[in-house]
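Quick notes on the structure that follows.
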Amino acid sequence: MRVINRRKFLGMTTSASLLSYAPTALSGKEATNRKLGVALVGLGYYSRDLLAPALQLTQHCELRGIVTGSPDKISDWQQQYAIKDQNIYSYETMHEVANNPEIDVIYIVLPTALHKKYTLIAADAGKHVWCEKPMAMTAQDCETMIVACNKNKVKLTIGYRLQHEPNTQTVMQFAETKPYGAIQTITARAGYKGGAPKTGNWRLSRAMGGGAAYDMGVYPLNAARYASGEEPIAVTARHEVYRPDVFTEVDEATFFDLEFASGAIANCATSVNENMNLLRANCSEGWYELSPFQSYTDVKGTTSDGKQLDKTTANQQAAQMDNDALAILNDTQVLVPGEEGLKDIKVVEAILKSAANNSERVQI
């Protein structure tokens, strides 16, 4: 594989002989046999160590392209995944994917503050969009993304992998069927204890979407929503910073309580300084929990009457991407549409408002 130098990389254009391409729905045998081409936008840890390997396990999609601002990474990706020269883009040339029929889906794997910009480029290029969570910085940004995808007749889905995970889906079913009676309280806690991010890391920048509330907060927030089966009506929140010399403008931990119309309360926490991984629902006639509930592997749990929530999936990301690919191929509703990401960001904005105002109760 030849290495593309930076000048050629930044000026790269796709072949003029390629025709403009718009995704079309397929059905039956054609849909089953065809694989969608996916291009990853951003080649950091999640793309490199999780999504790219998972794409080797999928049945309905495959890795065919990359978009990166680091030309030094190109050679390794080409050698490992046999990515063609014409399927490699810089951020400046990404719009040219419109002329590439080998790419059906653009997967946005960038800091949160960049999600809107590159979703709009992908949608305007006529490509379906998979966007990592959190969906965007503001609810208004989320709405703009949804409108752009609808206008261009492409599907938008948000990368909530856990909603594709079987034990999580059982908990979501419990929210509807209530086998243990009315849900009274929910505990949702997600966090990790990591080393201090290096200076300049986007996770230390509020403008880029850093801080525990954005970076990890959607895990307990989304879990509280799907475990209750309700949308919160109010929130009370507070931030904590334990290393003020490092976390100068973002929260290191956030604690928030969600209120639901049924009277249920969700006690939630997220942190980048403490290991947390629990989802529990206490009901009028019992309880159930997942612990861990948001790990990449081995999500499992139990119930008050001894049932084990221990279904397995070989790879969460592969299952997520195959489900999303089938929705495109068969032109059916995606499992986690942009509207789901929008609902979370509306609550995140309320969390930030509450925490900024001495934990005042904020209606949603």
GNM result for the chain, Cα springs below 10 Å: residue of Asp331, Asp322, Asp305 fluctuating most strongly: Asp305
Protection-proxy order for peptides 38-46, 307-315, 55-63, each taking the mean of Cβ atoms within 10 Å per residue, highest first: 38-46, 55-63, 307-315
Projected-area average for the chain over all orientations - Cα convex hull basis, square nanometres: 18.7
22 Å Cα-Cα reach of Lys35 towards lysines, excluding residues that sit fewer than 8 places from it in its own chain: Lys84, Lys127, Lys153, Lys155
Helix-only mean residue ellipticity at 222 nm for the chain, each DSSP H run of n ≥ 4 adding -39500 (n - 2.57), per residue, nearest 500: -8500 deg cm²/dmol
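Over 27 Å between Cα atoms, which of Lys117/Lys151; Lys117/Lys353; Lys116/Lys353; Lys116/Lys311; Lys193/Lys353; Lys73/Lys300 qualify? Intermediate results must be reported in sequence, preceding the final value.
Numbers: Lys117/Lys151 16 Å; Lys117/Lys353 25 Å; Lys116/Lys353 22 Å; Lys116/Lys311 35 Å; Lys193/Lys353 25 Å; Lys73/Lys300 36 Å.
In this structure, Lys116/Lys311; Lys73/Lys300 exceed 27 Å between Cα atoms.
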Choice from Gly263, Gly338, Gly229 showing the highest fluctuation, given a GNM over the chain with Cα pairs closer than 10 Å: Gly263
Potential extension, Thr312-His95 segment - 0.36 nm per residue separation minus Cα distance: 74.2 nm
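With both partners inside the chain, how many of the DSSP beta bridges are antiparallel, as a percent to the nearest 5? Don't skip to the end; give the middle numbers.
Details: 37 of 63 bridges.
About 60 percent, rounded to the nearest 5.
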Proxy reagent accessibility, fewest Cβ within 10 Å first, across Phe293, Phe256, Phe247, Phe174: Phe174, Phe247, Phe293, Phe256
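Under 8 Å for C-alpha pairs, at least 6 residues apart: give me the relative contact order for the chain, rounded to a whole percent.
Working: 786 pairs, mean separation 69.4, N = 364.
Contact order relative to length: 19 percent.
For Thr199 and Asp331, calculate 0.36 nm times their separation in residues minus their Cα-Cα distance, and state this gained length in nm to one decimal. Spell out each step's value before the answer.
On the way: separation 132, 0.36 × 132 = 47.52 nm, distance 4.46 nm.
Length difference between fully extended and current span is 43.1 nm.
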Neighbourhood net charge (9 Å Cβ-Cβ; Lys/Arg +1, Asp/Glu -1) for Thr236: -1
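Can you tally the net charge around Lys35? Count Lys and Arg as +1, Asp and Glu as -1, for every other residue whose Cβ sits under 11 Å from the Cβ of Lys35. Could you put the intermediate results ahead of the total?
Values: positive: Arg34, Arg64; negative: Glu62, Glu102, Asp104, Asp322.
Charge balance in the 11 Å sphere: -2.
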Leading residue at positive end of dipole, the chain (Cβ point charges), from Gly159, Ser75, Tyr219: Ser75
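Readers should treat all values here as calculations from the given coordinates under stated rules, not as data from a laboratory. Since the model is a prediction, treat every value here as computed from it, not as a measurement. Backbone-built Cβ (ideal geometry, glycine too); neighbour counts: all protein chains shown.
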